[in-house]
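Reviewing the structure listed below.
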Amino acid sequence: MYEKIMIVDDEKEIADLLELYLKNDGFTVYKFYNGSDFLKQLDTVVPDLLLLDIMLPDIDGFAICQKVREKYVFPIIMLTAKVDDSDLIMGLTLGADDYITKPFKPIEVLARVKTQLRRYTRYNQSESVQAEPVQEYNIRGLVINNKTHKCSLYGQNISLTPIEFNILWYLCEHQGNVVSSEELFEAVWGEKFLDNNNTVMTHIGRLREKLQEPARKPKFIKTVWGVGYQIE
């Protein structure tokens, strides 16, 4: 295991402890105590995953997350001492894949890192060579291909995170059917859905923005109130 993990956290004790656990598990670790140093290094080395604190001395984590998502799709796990749902929603809206509240156990962070890397690896791997046709949907100008993991709208490429791609693909697979938030969460995240979980809603909102969907009359991802989401 030689995956590259970048840690951006101004709390030295936390960053050092995470570095120790990650290195002991075989990861290559790059550590930064501020956002500026991280962004400079990002021009040279692209990580497989980013552990990003929200409260930094120079640039806040939300701004960094937004900047990273302009170019990269590797997983981002936000770290924060805040317990406000609005921060969770903000992070997910800007493209974060997971969110861990301080204080936390390093072993929990390690488990979350491995989960995100497994998803990211599956997303980037080519499909096995089998006697199957290329998997692709073309829905009124929205084209999504599960072999190349590319998506386009009216011929213009759309940059999707692995989570966003998997949500859209699942909805396309079930075109014409209503998919509940619970089903979508458990299919994409592979975890048990909990009540009052806004994760799916937040990612759907982000997808609609990228598809330039009007809020009141979306053309592709429609909300069936009280039931779930549907691509007709």
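The values are calculated or read from the model by the stated rules, or taken from the named source; none is laboratory data. Fair warning: this is a prediction, and the values are worked out from it, not measured in the lab. Please note: Cβ atoms are built from the backbone with ideal geometry, for glycine as well, and neighbour counts cover all protein chains shown. Areas reflect the complete protein model, heavy atoms only, side chains present, ligands, DNA and RNA absent. Shrake-Rupley method; radii C 1.70, N 1.55, O 1.52, S 1.80 Å.
Among the residues that make up segment 76-94, is at least one of them part of a loop (DSSP other than H, G, I, E, B) and open to solvent by less than 20 Å² (accessible area, probe 1.4 Å)?
no
Residues are listed down the side, and each one gets a yes or a no for (1) buried (at least 17 other Cβ atoms within 10 Å of the Cβ); (2) touching a residue at least 24 places away in the same chain (Cβ under 8 Å); (3) in contact with a Cys (Cβ under 6 Å, 6 or more places away or on another chain):
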{"position": "181", "(1), (2), (3)": "yes, yes, no"}
{"position": "185", "(1), (2), (3)": "yes, no, no"}
{"position": "199", "(1), (2), (3)": "yes, yes, no"}
{"position": "204", "(1), (2), (3)": "yes, yes, no"}
{"position": "209", "(1), (2), (3)": "no, no, no"}
{"position": "212", "(1), (2), (3)": "no, yes, no"}
{"position": "217", "(1), (2), (3)": "no, no, no"}
{"position": "230", "(1), (2), (3)": "yes, yes, no"}
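Quick check on segment 140-148. Is at least one of its residues in a helix (DSSP H, G or I) and touching a residue at least 60 places away in the same chain (Cβ under 8 Å)?
no
Taking the residues in segment 161-176 that are in contact with an Asp or Glu (Cβ under 9 Å, 6 or more places away or on another chain) and either acidic (Asp, Glu) or more than 14 Å from residue 229 (Cα to Cα) (or both) as candidates, determine which candidate is surrounded by the most Cβ atoms within 10 Å (Cβ to Cβ).
Within segment 161-176, the match that is surrounded by the most Cβ atoms within 10 Å (Cβ to Cβ) is 163.
Within segment 26-54, can you find the residues that are touching a residue at least 40 places away in the same chain (Cβ under 8 Å) and within 15 Å of residue 12 (Cβ to Cβ)?
If the condition is that a residue be touching a residue at least 40 places away in the same chain (Cβ under 8 Å) and within 15 Å of residue 12 (Cβ to Cβ), then 51, 53 are the ones that fit.
Determine which member of the set 30, 99 is open to solvent by 10 Å² or more (accessible area, probe 1.4 Å), assigned to a strand (DSSP E or B) and farther than 14 Å from residue 5 by Cα.
99
Quickly run through segment 33-68 and pick out the residues that are closer than 23 Å to residue 89 by Cβ and open to solvent by 20 Å² or more (accessible area, probe 1.4 Å).
Residues satisfying the conditions are 55, 56, 59, 60, 62, 63, 66, 67.
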